[in-house]
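Contents: one structure, followed by commentary.
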Amino acid sequence: MRNVFLFILFLSVMSFTYADVICLENPSSLGTTGWSNAEQTFCGDYGYVHGMWGSDVPYVEKTFATSGQTSITISFRYWAVDTWDSEVAYLNFNGSQLWSKTAHHPYGGWAIYSGSFPAPFSGGTGKYYEDVTVTTAFTGTSFTLRFGSTINQAEEDESWGFSALSISNNVVPEPSSLVFLGIALVALGFLKKRF
Ligand SMILES: [Ca+2]
Ligand SMILES: [Ca+2]
C-alpha cells in the first residue's frame with residue numbers, strides 16, 4: 001500500500017512541470033504555415049525549408065498563442081548557404097535577440113550539409129547549418145518569432161533559411177495536480193504513523 005502512495009507522490013512531483021508542443025513543423029510537409037513570407041524550397045532527401053532568401057528578405061515573422069507556461073523552448077535548423085561575409089544569422093523573440101551566429105565562408109563553426117541542397121554560387125558545395133535549441137522565460141499569452149539574416153547580397157551569392165521548427169511551452173502545475181500532491185502527502189504521513 002505504501003508503495004502505491006509513493007508512486008502517486010512520484011507522479012505528482014513529475015507533473016509539476018511539463019511541456020506542451022505548440023508548433024511542430026515537419027520538413028517532409030510544411031504546408032501553409034502562416035509565416036510573413038511563404039517561400040519554401042524543396043531540398044531533395046531533406047524535404048522542405050523556409051526560404052531560401054537573399055538580402056531582399058531580411059527576416060520573416062510569425063506570432064504564436066500560448067498560455068499557462070513559465071518558459072518557451074524553441075528548436076530549429078538554420079541554413080547559411082554560399083558566400084556569407086561575416087554577416088549574422090539570428091532569432092528574435094518578441095523583439096529581443098534570443099540566438100545569433102556569425103557566418104563567413106568557409107563557415108568555421110558551422111556544420112557541413114552533405115545532402116543535396118540549392119547553393120547556386122558554389123555550385124552545390126557551400127551548404128552549412130546550425131541546429132539550435134534555446135529556452136527563454138515567458139509568462140505571456142502570445143509571442144512573435146523573427147528569423148533573419150544581415151546578409152547584403154542576392155540569393156545567387158548568399159542565402160538563408162530555416163527548417164524543422166518545434167516549439168514547446170513549459171507549463172506550470174494545474175491546481176488539480178497540487179491537490180493530488182497534497183492528498184499523497186497526507187496519505188504518506190498517515191501511513192508513517194501506522195507503521
Ligand atoms: Ca557573399
Ligand atoms: Ca555579403
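From S149, S168, grab the single residue that is among the polar types (S, T, N, Q), within 16 Å of ligand 1 (Cβ to nearest atom) and modelled with pLDDT of 95 or more. Sole residue among the options that is among the polar types (S, T, N, Q), within 16 Å of ligand 1 (Cβ to nearest atom) and modelled with pLDDT of 95 or more: S149.
Criterion first (crowded, with 17+ Cβ neighbours inside 10 Å, within 16 Å of ligand 1 (Cβ to nearest atom) and among the aromatic types (F, W, Y)) does W110 satisfy it? Yes; evaluated as a whole, the condition is true for this residue. Looking at segment 114-129, can you tell me whether even one residue there is more than 16 Å from ligand 1 (Cβ to nearest atom), surrounded by 17 or more Cβ atoms within 10 Å (Cβ to Cβ), in contact (Cβ under 8 Å) with a residue 24 or more places away in the chain and part of a loop (DSSP other than H, G, I, E, B)? Scanning segment 114-129, I find at least one residue that is more than 16 Å from ligand 1 (Cβ to nearest atom), surrounded by 17 or more Cβ atoms within 10 Å (Cβ to Cβ), in contact (Cβ under 8 Å) with a residue 24 or more places away in the chain and part of a loop (DSSP other than H, G, I, E, B), so the answer is yes. Could you please give the count of residues in segment 129-152 that are β-branched (V, I, T) and within 16 Å of ligand 2 (Cβ to nearest atom)? Total meeting the criteria: 2. Return yes or no: is W79 surrounded by 13 or more Cβ atoms within 10 Å (Cβ to Cβ), assigned to a loop (DSSP other than H, G, I, E, B) and at pLDDT 90 or above? In short, no.
Being in contact with a Gly (Cβ under 6 Å, 6 or more places away or on another chain) and away from ligand 2 (no atom under 16 Å from the Cβ), is that true of even one residue in segment 116-128? Looking through segment 116-128, at least one residue is in contact with a Gly (Cβ under 6 Å, 6 or more places away or on another chain) and away from ligand 2 (no atom under 16 Å from the Cβ). When both residues are 6+ apart or on different chains and their Cβ atoms are under 9 Å apart, which pairs have a first residue that lies in segment 29-58 and is free of Cβ contacts under 8 Å to residues at least 60 places away in the same chain and closer than 23 Å to Y113 by Cα, and a second that is of a type in the set (A, V, I, L, M) and outside any strand (DSSP E or B)? Short answer, once both residue conditions are applied: E39/V57; Q40/L30.
The values are calculated or read from the model by the stated rules, or taken from the named source; none is laboratory data. These numbers come from a predicted model, not from an experiment. Reconstructed Cβ throughout: ideal geometry from the backbone, glycine too, with neighbour counts over all protein chains shown.
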